[in-house]
Amino acid sequence: MNPRQDFPFFSKRPELVFLDSAASTQRAKPVLDAMQDFEESHYSNVHRGSSTLSEEATESYEQSREIVATFIGAQPEQLVFTRGTTEGLNFVAQARTYASVLYTELEHNSNVLPWKMRARQTFLMKPTDLTITPDELNEALQEHKPKLVTFTHTSNVTGITNDVKELCKVASDNNVQSVIDFAQGAASSPIDIKKVPCTFLAFSSHKMYGPTGIGALYGADLEAEKPFQFGGGMVDAISENNITFSPSPQKHEAGTPPIVQAVGFAAATTYVKEHQRYIKDNVKGKLAKALTEALHSVPGVSLVAENTFIGSFTTSHHSHDVAYLLGAHNIVARSGHHCAQLLAKRINPTGTVRASLGIYNTQEDIQQLKEALEQTMKKLA
Ligand code: PMP
């Protein structure tokens with residue numbers, strides 16, 4: 001069965017060619033069903049009260065943590081639920097003050113600003129190509145000697161995936177902690193954290209067919225980290241002069257967590273896991289290739305990276321004008337710097353148009369993009 005049928009959005013909006021999954025994906029039916037069932041039959045606050053319903057909700061919430069942790073090969077106590085990748089990265093940057101952090105030119109603003117605002121010193125690494133090589137990373141680490149290095153798993157501008165396993169090894173060989181921004185990798189690249197020696201890894205549910213408002217942060221030793229928010233649910237005992245926190249992960253989840261979203265997030269990881277073969281062969285395989293061919297065939301279009309699930313391109317026109325005119329053909333694509341201003345500026349000052357693929361896209365979608373782009377380019381000529 002084509003996974004497109006798992007997405008009610010497309011039967012409600014059949015006119016749209018949705019090519020903006022890198023920004024946020026549509027939600028899969030099993031995800032919506034899991035959340036609706038939980039809302040209707042099991043909902044209660046968690047970790048509070050001793051009612052059977054509260055215990056039931058707590059069990060579902062903790063089971064969701066286990067499912068999401070297993071998705072990346074981690075233990076449940078190594079995973080905290082966050083609002084998304086951005087909050088996960090801010091958590092790491094705020095939990096301690098890092099003396100020095102190395103980041104790269106390929107990063108989303110969410111993996112630049114937390115370090116700029118919190119670390120005492122930051123160093124920018126500019127890879128020669130649009131990927132980070134272990135040798136270049138090694139050189140940068142030797143030169144700057146940071147305490148921590150942070151890099152993207154997959155660029156949200158190019159769709160190029162870095163060899164994070166090798167990069168983390170280089171970091172640990174240099175005695176440097178490492179953070180992986182997994183936002184764009186989670187829906188398409190399985191990862192086993194036991195084989196990737198990173199210190200932290202952050203990702204978002206809404207980029208992998210799950211709900212918004214939730215993400216996860218993996219930490220190799222979260223118990224050692226200080227909480228970055230304070231409130232109910234994370235404290236063990238409190239008196240006027242003494243406070244003891246709950247063990248991790250509870251001590252990192254102050255306040256009522258996104259309970260229903262956690263259930264949906266777990267269902268999304270299960271959905272992605274079940275479709276890993278399809279995603280590899282189609283989204284990252286046949287469709288990515290077809291997208292490259294389609295964009296190459298349109299005169300005046302220059303592709304930033306080939307055969308990836310993110311088709312970013314430039315023309316001699318402003319990226320917003322091109323995306324706006326594509327919109328008139330019902331193509332949902334994105335334009336601008338995609339919150340990765342350092343990289344966007346390096347590629348093109350007015351940014352790129354980005355057509356990104358998800359599990360529900362088809363060859364027909366790509367054909368429609370090609371035809372719309374041909375007409376757009378003629379109109380702008
Ligand atoms: N990093 C990358 C590479 C991203 O693509 C995004 C989302 N565009 C983020 C971080 C931030 O994710 P979120 O908005 O879900 O926190």
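The values are calculated or read from the model by the stated rules, or taken from the named source; none is laboratory data. Only a predicted model underlies this, so the values are computations on that prediction, with no experimental measurement involved. For neighbour counting, all protein chains shown are included, and Cβ atoms are generated from backbone atoms with ideal geometry for every residue, glycine included.
Annotations
- Residues in the stretch 192-236 that are surrounded by fewer than 24 Cβ atoms within 10 Å (Cβ to Cβ) and polar (S, T, N, Q): T199, T212, Q229.
- Every condition in (1) over 24 Å from H337 (Cβ atoms); (2) assigned to a loop (DSSP other than H, G, I, E, B); (3) touching a residue at least 60 places away in the same chain (Cβ under 8 Å) is met by S50 except one, and the failing one is (3).
- Candidate set: the stretch 24-44, residues that are assigned to a helix (DSSP H, G or I) and not hydrophobic (A, V, I, L, M, F, W, C); chosen: the one farthest from the ligand (Cβ to nearest atom): S41
- Members of the stretch 304-352 that are of a type in the set (A, V, I, L, M, F, W, C) and more than 19 Å from E105 (Cα to Cα): F309, V322, A323, L325, L326, A328, I331, V332, A333
- Residue, nearest to H252 (Cα to Cα), within the stretch 73-91, restricted to residues that are within 13 Å of the ligand (Cβ to nearest atom) and not hydrophobic (A, V, I, L, M, F, W, C): T82
- Boolean, I259 is hydrophobic (A, V, I, L, M, F, W, C), touching a helix residue (DSSP H, G or I) at 6+ places or on another chain (Cβ under 6 Å) and crowded, with 16+ Cβ neighbours inside 10 Å: yes
- Filter pass, S189 being surrounded by fewer than 24 Cβ atoms within 10 Å (Cβ to Cβ), hydroxyl-bearing (S, T, Y) and more than 16 Å from the ligand (Cβ to nearest atom): no
- Subset of the stretch 169-185 [in a strand (DSSP E or B), within 16 Å of the ligand (Cβ to nearest atom) and not hydrophobic (A, V, I, L, M, F, W, C)]: S178, D181
- Conditions (1) hydrophobic (A, V, I, L, M, F, W, C); (2) in a strand (DSSP E or B); (3) touching a helix residue (DSSP H, G or I) at 6+ places or on another chain (Cβ under 6 Å): number failed by L124: (3)
- The single condition among (1) within 30 Å of C198 (Cβ to Cβ); (2) more than 16 Å from the ligand (Cβ to nearest atom); (3) modelled with pLDDT under 95; (4) polar (S, T, N, Q) that Q94 does not satisfy is (2).
- Test result for S21, crowded, with 20+ Cβ neighbours inside 10 Å, within 16 Å of the ligand (Cβ to nearest atom) and hydroxyl-bearing (S, T, Y): yes
- From the options Y324, Y271, residue that is touching a Pro at 6+ places or on another chain (Cβ under 6 Å), of a type in the set (S, T, Y) and either in the same structural domain as A372 (by TED's automatic domain parsing) or farther than 30 Å from D236 by Cβ (or both): Y271
- Scanning the stretch 53-67 for residues that are of a type in the set (S, T, Y) and in contact (Cβ under 8 Å) with a residue 24 or more places away in the chain, we see that the one that is nearest to T270 (Cα to Cα) is S64.
- Exclusive hit being more than 27 Å from N348 (Cβ to Cβ) and not aromatic (F, W, Y), set L89, L141: L141
- Only one entry of I310, I331, I359 meets the criterion of being closer than 30 Å to L79 by Cβ, touching a helix residue (DSSP H, G or I) at 6+ places or on another chain (Cβ under 6 Å) and buried (at least 22 other Cβ atoms within 10 Å of the Cβ), and that entry is I359.
- Check on K145, away from the ligand (no atom under 16 Å from the Cβ) and of a type in the set (D, E, K, R): yes
- Residue in the stretch 236-246 that is in contact (Cβ under 8 Å) with a residue 12 or more places away in the chain, of a type in the set (F, W, Y), assigned by TED's automatic domain parsing to the domain that holds S110 and within 16 Å of the ligand (Cβ to nearest atom) present: no
- Test: residue in the stretch 52-64 that is more than 16 Å from the ligand (Cβ to nearest atom), in contact with a strand residue (DSSP E or B) (Cβ under 9 Å, 6 or more places away or on another chain) and in the same structural domain as A268 (by TED's automatic domain parsing): yes
- Condition check for E62: under 20 Å from Q250 (Cβ atoms) and either modelled with pLDDT under 95 or charged (D, E, K, R) (or both): yes
- Across the stretch 97-126, the number of residues qualifying as in contact (Cβ under 8 Å) with a residue 12 or more places away in the chain and within 11 Å of the ligand (Cβ to nearest atom) comes to 8.
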